[in-house]
Every structure is written in C-alpha cells, then in structure tokens.
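The values are calculated or read from the model by the stated rules, or taken from the named source; none is laboratory data. Note that the structure is a prediction, hence the values are computed from the model and not measured. Note that each Cβ is placed from the backbone with ideal geometry, even for glycine, and that neighbours are counted across all protein chains shown.
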Amino acid sequence: MQAAVESIQDGLHDFDEVVRLHWPRVHRFVLASLRDPDAAQSLTQDCFLRAWHARARFRGESSVGTWLMQIAVNLVRDYGRNRRLQFWRRLRASAASPADVSDHLPDAAVSPEAQALLKEQVRIVWRACHSLPERQRTVFLLRFVEEMDLLEIAAATGMKEGTVKIHLFRALQAVRERLGRSK
C-alpha cells in the first residue's frame, strides 16, 4: 500500500502533467457551477495551487482526478457562501444571461425548428440545474457534465453513495418537472 501511495505521489511531482490532464475537467465543472468565466478561471487556478501545496499529504485513497474534483467542489461551495459577493451575484443574475451552452449543439442535419427546440430545452435544463439546491446541483453537474460515476461523486463531495443517489434522483425529478412544465 505504501509503495502505491509513493508511486502516486511521484506522479504528482510531474505537476505540469497533472495540470495538463485534469485542468479541462476541473475548469468545466467550476464553470458549469458558477457560470462566471472569470471566477471559474480563478477557482480552477486556486484548485491546482492548493493541490500543489498539499501534494505531499495526498494519501492515494482516491484517484488524483477525484482528489482534484473534491478540492474544486469545496472551492465552489466556499465561493457560494461568500457573503461579500452576494450583491454582485444578484446583479449578474438580473442582467443578460451568460453565453448559452446550447449554441454548441452539433449536427447541421437537424432542421432549424428542431435546433431551436433543442436549444430551448438545453436552456430550460440549464436554468433548472441552477435553481437546484447546492448539493443537488453539484451532484447533477458532476454526473452529467463530468460523467463521474456515483462512487467518484461520493469521494469528491464527501457524501455517502446513498446520499449521492438521493440528491441525483431529486435533481433529476426537478429538472424533468421543469422540462414537463415548459412543453
């Protein structure tokens, strides 16, 4: 066991490679959680900075990717709790919405009407996701944006697998309900 941990810690010494491999996933999760590119960039950098400083304490109980996602989840949670930024978040929420993810829907073979319908459904899902309670939103994003399995989500969030399942179930119910109301 000790040899395995030392092997993983040796891998962390090539931290440029760790950043190269895991930056896109961490950044995508943080951006999906915050919908603020500047804050996402800062928190992603902070995630890797914290990982760099804590690399000697990494015990190898999870994969490096799961460990980094756990740091990212905690940073997003702390960011959301920061009272000093509430005014700016309310102001941003009342302004025009950020870049729409639905603009990146592939498949030129789809008719314009079908594309418009797909884009509207993506907008509804995105809005529903961001109206979810914090834990449900985190689990939903980790599952469907980052495609993490339930055990990885449990490790990244510090929840038990059963708790992850409950939050995911409730999040899916809320999103489906929102989609059903929009039709």
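Scanning the stretch 136-169 for residues that are basic (Lys, Arg) and under 11 Å from the mean Cα position of the chain (by Cα) yields a count of 2.
Considering the stretch 145-183, the residues that are outside any helix (DSSP H, G or I) and touching a residue at least 60 places away in the same chain (Cβ under 8 Å) include one that is farthest from Ile71 (Cα to Cα), namely Val145. Filtering the stretch 138-145 for residues that are modelled with pLDDT under 90, surrounded by 13 or more Cβ atoms within 10 Å (Cβ to Cβ) and among the β-branched types (Val, Ile, Thr) leaves a non-empty set. Among the residues of the stretch 105-112, is there at least one that is under 13 Å from Ser33 (Cα atoms), at pLDDT below 85 and in a helix (DSSP H, G or I)? For the stretch 105-112, residues under 13 Å from Ser33 (Cα atoms), at pLDDT below 85 and in a helix (DSSP H, G or I): absent.
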